[in-house]
Amino acid sequence: MRDLASTPIIQTVSKQRVADYGEVYTSPREVNAMLDLVKQETERIESRFLEPACGNGNFLIEVLSRKLSRISSRYRKSRLEYERYAVSAISSLYGIDILEDNVLECRNRLYNYFISQYIDHFGFFTSDDLPNTAKYIFNRNIVWGDALTLQTVEDNPKPIVFSEWSLFMGGMVKRRDFSFFELLYQSENNSMPLFSDTGEDVFIPEPEKEFPPVHYLKIWDMESAV
Ligand SMILES: C[S@@+](CC[C@H](N)C(=O)[O-])C[C@H]1O[C@@H](n2cnc3c(N)ncnc32)[C@H](O)[C@@H]1O
């Protein structure tokens, strides 16, 4: 079912939006060619991707497609395993766009794709918990914001905050919220990288907020527990 994710799309909405926002969508062929440069990471279930001007999610949907294909080939016989790894894949995708309609379309596209893949494999959901969890995570991870000012786009703009979702044994998930500004600039101020493959010291950011662990199927209800 890779075709659904890669459905060709229009590349521009209006001349005005091209002029104002540089809005020209990337074609599926280019998306795939670029993602193939980091193919291994696009298929690693928990590797995190941020698309900072995500439009309607052309890169994110292809990464989701690749991850779900990997999960399907490994875990399609076990609904529980598939679900747990699918939540890990869903929660690894982040986006920002300055236009609200793009953000809404991106969230819906990712959500609908996940739902269609799940129904293809298992026919039905046993409850609303997993769809609600997927919706909750996409709503949090795909941010209506300005990737240059690092603020949300609202009447009262606020600093963009991203949630880290960590899955543990037993299907429990820990959420920690980080300021995007801190993630980007504190590591720079400390002259330390955020990541290292070579074993050097890395910058360890402090979360703004931590939530008690919850089961992955109850992520959608986590704020009621705080
Ligand atoms: C060239 S399109 C790319 C969309 C998508 N990444 C793709 O490849 O199909 C640029 C996108 O950046 C968004 N954008 C422009 N300025 C932005 C800003 N300051 N912060 C976040 N998004 C912005 C536009 O709304 C548009 O969706």
Any pair with Cβ under 7 angstrom, 6 or more apart, that starts in region 93-106 at a residue that is among the hydrophobic types (A, V, I, L, M, F, W, C) and ends at one that is assigned to a helix (DSSP H, G or I) and surrounded by fewer than 17 Cβ atoms within 10 Å (Cβ to Cβ) = ILE98/TYR21; LEU99/TYR21
In region 15-30, residue least open to solvent (accessible area, probe 1.4 Å) [restricted to those that are charged (D, E, K, R) and more than 6 Å from the ligand (Cβ to nearest atom)] = ARG17
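Could you tell me which of the residues TYR118, TYR75, TYR111, TYR94 is open to solvent by less than 60 Å² (accessible area, probe 1.4 Å), away from the ligand (no atom under 12 Å from the Cβ) and at pLDDT below 95?
TYR75
For ASP201, state whether it is over 15 Å from GLY95 (Cα atoms), of a type outside the set (Val, Ile, Thr) and in a loop (DSSP other than H, G, I, E, B).
On the way: over 15 Å from GLY95 (Cα atoms): yes; of a type outside the set (Val, Ile, Thr): yes; in a loop (DSSP other than H, G, I, E, B): yes.
Here the answer is yes, as ASP201 does meet what is asked.
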query = Filter region 31-87 for residues that are acidic (Asp, Glu) and not in a helix (DSSP H, G or I); which is farthest from the chain's Cα centre (by Cα)?
reply = GLU46
message = I'm checking my understanding of the structure. Among residues of region 156-170 that are closer than 25 Å to ILE45 by Cα and open to solvent by 70 Å² or more (accessible area, probe 1.4 Å), which one is modelled with the highest pLDDT?
response = PHE168
ARG66 being surrounded by 15 or more Cβ atoms within 10 Å (Cβ to Cβ), within 15 Å of the ligand (Cβ to nearest atom) and on the phi < 0 side of the Ramachandran plot = no
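Let's see how each residue does on (1) within 18 Å of the chain's Cα centre (by Cα); (2) within 16 Å of the ligand (Cβ to nearest atom); (3) surrounded by fewer than 17 Cβ atoms within 10 Å (Cβ to Cβ):
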residue	(1), (2), (3)
ASN141	yes, yes, no
LEU150	yes, yes, no
GLU154	no, yes, yes
MET172	no, no, yes
PHE180	yes, yes, no
SER191	no, no, yes
LEU194	no, no, yes
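Listed here are the residues, each with its yes/no results for (1) of a type in the set (A, V, I, L, M); (2) at pLDDT below 95; (3) more than 12 Å from the ligand (Cβ to nearest atom); (4) open to solvent by less than 70 Å² (accessible area, probe 1.4 Å).
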{"residue": "GLU46", "(1), (2), (3), (4)": "no, yes, yes, no"}
{"residue": "GLY55", "(1), (2), (3), (4)": "no, no, no, yes"}
{"residue": "ASN58", "(1), (2), (3), (4)": "no, no, no, yes"}
{"residue": "ILE71", "(1), (2), (3), (4)": "yes, no, yes, yes"}
inquiry  = Could you tell me how many of the residues in region 97-108 are within 11 Å of the ligand (Cβ to nearest atom) and either open to solvent by 40 Å² or more (accessible area, probe 1.4 Å) or assigned to a strand (DSSP E or B) (or both)?
reply    = 5
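The values are calculated or read from the model by the stated rules, or taken from the named source; none is laboratory data. Keep in mind that this is a model prediction, so the values were computed, not measured. Every residue, glycine among them, receives a Cβ derived from its backbone with ideal geometry; neighbour counts consider all protein chains shown. Note: accessible area is taken over every heavy atom of the protein model, side chains too, but ligands, DNA and RNA are not part of it. Shrake-Rupley method; radii C 1.70, N 1.55, O 1.52, S 1.80 Å.
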